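See structure below.
The values are calculated or read from the model by the stated rules, or taken from the named source; none is laboratory data. Keep in mind it's a predicted model, so treat the numbers as computed, not measured. As a convention, Cβ positions derive from the backbone with ideal geometry for all residues, glycine included, and neighbour counts pool all protein chains shown.
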Amino acid sequence: MSRSHIRHELSVLEANLRKELGTLLALHQITLDTQQLSLTSLIDEMTAAKLADEPLFIKLTQLDAALCQLDLGLYGLCSDCEADIEAERLNANPLEQRCTQCAADYAHEHRHELRLTH
């Protein structure tokens, strides 16, 4: 997949997430110009509004990371082991941050953490 194709896919995803965010903010009676603010500002505003537990918040932070990685030439590299993320994973989810093995390890560790805190 070419860099321009990836950027286009991420831009389409960003537009959809911004629309979803507008709906979410309206439900919370928060007025923000979701089309003009940067992703970083939107993430900051969601944090301030105590909306960081929303699945949309996670998607926005993943999108911001993916765009930064693309700009740095690191898009498609696992954030844990730095190996290439499998193409099928990126095709299924262009925001993917981990290869299959590291994702499994992360999920296993996370489940372990949840068991320890409950």
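Quick notes
- Residues of the range 82-94 satisfying the condition of being assigned to a loop (DSSP other than H, G, I, E, B) and surrounded by fewer than 18 Cβ atoms within 10 Å (Cβ to Cβ): 82, 83, 86, 93
- Yes/no for residue 63 being buried (at least 16 other Cβ atoms within 10 Å of the Cβ), touching a residue at least 12 places away in the same chain (Cβ under 8 Å) and outside any loop (DSSP other than H, G, I, E, B): yes
- Leading residue by the ranking (nearest to residue 62 (Cα to Cα)) among those in the range 2-40 that are among the hydroxyl-bearing types (Ser, Thr, Tyr) and part of a helix (DSSP H, G or I): 40
- Test result for residue 45, surrounded by 11 or more Cβ atoms within 10 Å (Cβ to Cβ), of a type outside the set (A, V, I, L, M) and at pLDDT below 95: yes
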